[in-house]
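Please treat every number below as a calculation from the coordinates, not as lab data. Keep in mind the model is a prediction, meaning the values are calculated, not measured. Neighbour counts are summed over all protein chains in view; Cβ atoms, including those assigned to glycine, are modelled from backbone coordinates with ideal geometry.
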Amino acid sequence: MEINDIIKPENCVYKKPTLLNDTNMHYCPGCSHGVVHKLIAEILEEKGWGDKAIGVSPVGCAVFAYKYVDIDWVEAAHGRAPALATAIKRLQPDKLVFTYQGDGDLAAIGTGETIHAANRGENIAIIFINNAIYGMTGGQMAPTTLLGMKTATTPYGRRVDLNGYPLAISELVAHLDGSCYVTRQSVHTPAAVRKAKAAIIHAFENSMAGKGTSLVEIVSTCNAGWKMTPAQANDWMVEHMFKKYPIGDLKNE
């Protein structure tokens, strides 16, 4: 086959995943959520896991994940996704069970559920979208908000003496005996998207193999909450977020 034949549209394999519904997403332009949704749908389709997957989405920007990816979903109370995923996986150990959570959910009200599920080594995968802000409710400070970062509740910037330090929860989970894989990725460039996809695949494979808890943190933007354009938000994330939340594997057993 000639190269000109290979690059014809009818010979291209890149396409919209069949598990991604024809539903207009509510996410703001430039939001990382849509990219990660596509990756999840793409992975489940490629691996043939669509009928085996059960996703758990809680409160926050991720609340409507069930509208976009055509698999079985269960809605959890705010922060409780890992606890609910624990029950589902124990009752149906042959299923691929994962949570999809933001930082205001996982690293705030859900810290206890996250830590103890990982400490028990529950065979679930946790997809953690960290944009350092409460995006859905108006841009308030989250546990992951950076020092000096301005939000609706820290208009002059986050201060240690008043607000404490940003919470790097992936590092906490990596120290737990029950966690088998903890990684931090992003989706701001094509190369980063490919690495994030590989990380999610690895986490899902761990769940199916019963190796323990996997956590994939996606360092993300919230251009609406940060009051920036999508391009500005990407640049700001690289310059500031990656210093506190460096990209790469924290644990891989």
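Assuming charge only on the beta carbon of Lys and Arg (+1) and of Asp and Glu (-1), the dipole of segment 27-252 about its Cα centre is about 320 debye to the nearest 20.
Show me the ranking of peptides 113-119, 233-239 by mean Cβ neighbours inside 10 Å, starting with the highest. Show your work: numbers first, answer last.
Values: 113-119: 21.6, 233-239: 17.6.
Descending mean neighbour count gives 113-119, 233-239.
Each of the peptides 64-73, 127-136 was scored by the mean count of other Cβ atoms within 10 Å over its residues; in descending order, highest first, they stand as 127-136, 64-73. Distance between Cα centroids, segment 106-143 to segment 151-211: provide it in whole Å. Their Cα centres are 9 Å away from one another.
Only one residue of Y181, A62, N130 has its Cα farthest out toward the positive end of the dipole of segment 27-252, where Lys and Arg carry +1 and Asp and Glu -1 on Cβ, and that residue is N130. Close amide H pairs (under 5 Å, H built 1.01 Å from N) link N21 with V69, D70, residues at least 5 positions away or on another chain.
What do you get for trypsin sites (Lys or Arg not before Pro) in segment 79-165 restricted to DSSP loop and a cutoff of at most 14 other Cβ within 10 Å of the site's Cβ? Show your work: numbers first, answer last.
Details: sites: R80, K89, R90, K95, R120, K150, R158, R159; in loops: R80, K95, K150, R158, R159.
Of the trypsin sites (Lys or Arg not before Pro), the ones in loops of segment 79-165 whose Cβ has at most 14 other Cβ atoms within 10 Å are R159.
Taking 0.36 nm per residue of separation and subtracting the current Cα-Cα distance, fully stretching the chain between I201 and Y156 would add 12.2 nm.
Summarising the amide proton neighbourhood of G178: residues at separation of 5 or more, or on other chains, whose placed amide H is nearer than 5 Å comprise G121. For V56, the shell of other residues with beta-carbons less than 14 Å away shows a net charge of -1, using +1 for Lys and Arg and -1 for Asp and Glu. Here the Karplus curve 6.51 cos²θ - 1.76 cosθ + 1.60, taken at θ = phi - 60°, turns the phi angles of segment 193-202 into couplings of 4, 5, 5, 5, 4, 4, 5, 5, 4, 4 Hz, with x standing for Gly and Pro. Once the other residues with Cβ under 11 Å from the Cβ of R184 are scored (Lys, Arg +1; Asp, Glu -1), what is the net sum? Here the count lands on 0. In straight-distance terms, cross-link reach from K211 covers every one of the lysines whose alpha-carbon lies under 17 Å from its own, apart from those fewer than eight places away in the same chain; here that gives K89, K95, K251.
Sorted fewest first by neighbouring Cβ atoms within 10 angstrom, E171, E122 come out as E171, E122.
For H78, nonlocal amide neighbours, meaning residues 5 or more places apart or on other chains whose placed amide H falls under 5 Å from its own, are V59. In sequence order, segment 130-142 has phi-based couplings of 10, 10, 6, 6, 7, x, 6, 9, x, x, 7, 5, 10 Hz under the Karplus curve 6.51 cos²θ - 1.76 cosθ + 1.60, θ = phi - 60°, and Gly or Pro positions carry x.
Per the Debye formula on identical point scatterers at the alpha carbon atoms of segment 27-252, with no solvent, log10 I(q)/I(0) at q = 0.10, 0.11, 0.14, 0.15 Å⁻¹ is -0.39, -0.48, -0.79, -0.91. Here segment 158-253 is described by how far its Cα atoms reach on the three principal axes: 42, 37, 18 Å, from widest to narrowest. With contributions of -39500 (n - 2.57) from each DSSP H run of at least four residues, the per-residue ellipticity at 222 nm computed over the chain stands at -9000 deg cm²/dmol. Computed from phi, the 3J(HN,Hα) profile of segment 81-89 under the Karplus parametrisation 6.51, -1.76, 1.60 (θ = phi - 60°) reads 4, x, 5, 5, 4, 4, 4, 5, 5 Hz, with x in place of Gly and Pro.
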